Every structure is written in structure tokens, then in C-alpha cells.
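Heads up, the thing below is written out as C-alpha cells.
A short reminder: the numbers here are calculations on the coordinates, not readings from a lab. Being a predicted model, the structure only gives us computed values, none of them experimental. Quick reminder, even Gly has a Cβ in these numbers, built from the backbone with ideal geometry, and neighbours come from all protein chains shown.
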Amino acid sequence: MNKAPATAWVDYGPDEPAMQAYFREGEQRALSLPNRGPVHFTKDGRLHPDILASFSHYGFYVLEGLIELAELKDIETDVLDILDRLPEKKGALMDTQGRPALAVDCTGPTLFWS
């Protein structure tokens with residue numbers, strides 16, 4: 001485990017440099033927004049109005065430091081394990097290592113391919 005999951009790679013052809021620049025610029029713009037910080041509350045225990053106002057204005061708010069690094073690593077490990085155990089392809093019963101794919105024996109819908 002602790003390996004990067006296989007990711008979908010998109011080839012933008014001759015537009016690849018422009019797309020990568022677009023992604024970098026968008027990331028920089030997002031990081032420059034004043035819609036992030038630690039969670040804080042009012043005296044009566046409600047989410048602070050500054051956070052609510054920022055969320056309302058930008059459509060999202062980044063709560064920094066809300067989850068400890070150890071917990072984030074635990075979540076990452078679990079997600080990578082799930083990704084590693086997904087069916088090899090749509091309709092497959094096995095994962096890429098030949099093991100029964102995660103939740104392949106479930107009767108309810110558990111995985112939606114998009």
C-alpha cells in the first residue's frame with residue numbers, strides 16, 4: 001500500500017500546455033481567496049458568522065487544521081486500499097491483482113462507473 005493510485009490521464013493534445021497553465025492559474029486563484037482558516041464559533045456555540053458569510057460569497061470555505069495529520073493519513077490509507085481493490089474494469093469480478101473485487105458480491109448498487 002502507500003502507493004499512488006492509478007489515475008485517469010487526459011491528453012489535451014496540442015492544447016496540453018494551455019490546459020496545464022489554466023489549471024495552475026486556477027489553483028493559484030483559489031489559494032489566494034480569503035475563504036479559509038480554522039473553525040471558530042460564537043459564544044453560543046454557533047459557527048462564526050465570518051465563516052458563513054465567506055461560504056455564502058465564495059460557495060465554499062476551507063476549514064484548516066480541522067483534521068489532524070494522523071487522521072488524514074489514516075483516511076488516505078483507506079481510500080488507497082479501496083481504489084486498489086476496485087474491479088479491474090466495468091463488470092469485472094476481480095481487481096487488478098486477481099483478487100475478488102471490493103463489494104462484487106453485494107446485491108445493492110455499490111459502485112457507479114462514470
Completion exercise
Residues of segment 61-80 being surrounded by 11 or more Cβ atoms within 10 Å (Cβ to Cβ) and not in a helix (DSSP H, G or I), in sequence order, are 61, 62, 63, 67
Handout entry: Residues that are under 21 Å from residue 31 (Cβ atoms) and assigned to a helix (DSSP H, G or I), drawn from segment 50-60
Key = 50, 51, 53, 54, 55, 56, 57, 58
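To keep it simple, each residue is scored yes or no on (1) within 30 Å of residue 96 (Cα to Cα); (2) hydroxyl-bearing (Ser, Thr, Tyr); (3) within 15 Å of the chain's Cα centre (by Cα).
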site: 17; (1), (2), (3): no, no, no
site: 29; (1), (2), (3): no, no, no
site: 36; (1), (2), (3): no, no, no
site: 50; (1), (2), (3): no, no, no
site: 58; (1), (2), (3): no, yes, no
site: 82; (1), (2), (3): yes, no, yes
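Does segment 39-47 include one or more residues that are aromatic (Phe, Trp, Tyr), within 20 Å of the chain's Cα centre (by Cα) and either surrounded by fewer than 12 Cβ atoms within 10 Å (Cβ to Cβ) or within 30 Å of residue 85 (Cβ to Cβ) (or both)?
Scanning segment 39-47, I find no residue that is aromatic (Phe, Trp, Tyr), within 20 Å of the chain's Cα centre (by Cα) and either surrounded by fewer than 12 Cβ atoms within 10 Å (Cβ to Cβ) or within 30 Å of residue 85 (Cβ to Cβ) (or both), so the answer is no.
Of the residues that make up segment 68-77, is at least one within 29 Å of residue 112 (Cβ to Cβ), aliphatic (A, V, I, L, M) and touching a Lys or Arg at 6+ places or on another chain (Cβ under 9 Å)? So that I can check it myself, show each step before the final result.
Just the residues of segment 68-77 that are within 29 Å of residue 112 (Cβ to Cβ), to begin with: 71-77.
Filter once more, so that each one left must be aliphatic (A, V, I, L, M): 72, 75.
Checking which are touching a Lys or Arg at 6+ places or on another chain (Cβ under 9 Å) leaves us with none.
Checked segment 68-77: no residue is within 29 Å of residue 112 (Cβ to Cβ), aliphatic (A, V, I, L, M) and touching a Lys or Arg at 6+ places or on another chain (Cβ under 9 Å).
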Exercise for the section: Considering each residue of segment 26-73, count those that are in contact with a Ser or Thr (Cβ under 6 Å, 6 or more places away or on another chain) and hydroxyl-bearing (Ser, Thr, Tyr), and give that number. Expected result: 1
